[in-house]
Amino acid sequence: MNCILRSVAFLVLGLFFSTNVFAQLSDRNAVGGRFGSASGLNYRYTLSQDRAIEGILSIQSNSESSRFRLVGLYEYYKPIVHNLSWYYGFGGSIGNYKYKSFTDSNGYLQPSYSELSLSIDGIIGLDYAIPESPISISLDLKPYFDFLQESSIRVFDPVGFSIRYRF
């Protein structure tokens, strides 16, 4: 078992620190939509062949609350095969949580209120550039740590699927 874990660790470290292969982010800009628990718009600006910055404007709403967030991420891209890359990155977000009014179990109306939202965000995912098309798709996991509201870490809630137009 230790041999298997050691082999996986060396493989992951090799992918992280490989410098001879680039992920080929050839298009300077990409704009699109991100869908998941929090949906919204995203924009990626390519800094070099293997690095980019991404902004995500997301909105999430349910029966108890609504949330608006502006996320900024710095991302590193590593190739897997032609047109398929994996990426990881870090950043942060600022936004607003609004808790909706409700009637509690005693019949009293609890008023709505809102709070500022600040978080530290991470991202890891797969990106596929469709050949001979300006479209790319990605699937990612974007965990974050809110440190103003509940001081909670959310790992599996922010799974997202993005479709982008590259230009």
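What the table below lists for this structure:
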item	result
Rel. contact order, % - alpha carbon contacts under 8 angstrom, at least six apart, the range 47-159	19
Using θ = phi - 60° and Karplus 6.51 cos²θ - 1.76 cosθ + 1.60, couplings along the range 117-130 (whole Hz; Gly, Pro as x)	10, 10, 8, 9, 10, x, 8, 8, x, 10, 10, 10, 8, 5
Placed amide H near ILE135: partners under 5 Å, 5+ positions off or other chain	ILE130, ARG166
For VAL155, VAL71, order by how many other beta-carbon atoms lie within 10 Å, fewest first	VAL155, VAL71
Percent of C-alpha pairs per 10 Å bin, the range 22-166, short to long	11, 40, 27, 14, 6, 2, 0
Neighbour-limited loop hits for trypsin sites (Lys or Arg not before Pro), the range 74-167 (at most 16 other Cβ within 10 Å; DSSP other than H, G, I, E, B)	LYS100
Partner aspartates and glutamates for LYS100 [C-alpha distance under 16 Å; skip if fewer than 8 residues away on the same chain]	GLU64, GLU115
Euclidean distance between Cα centres, the range 28-60 to the range 98-167, Å	13
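Throughout, read-outs are computed from the coordinates displayed, never taken from laboratory work. Values in this document were obtained by computation on a predicted structure and should not be read as measured data. For neighbour counting, all protein chains shown are included, and Cβ atoms are generated from backbone atoms with ideal geometry for every residue, glycine included.
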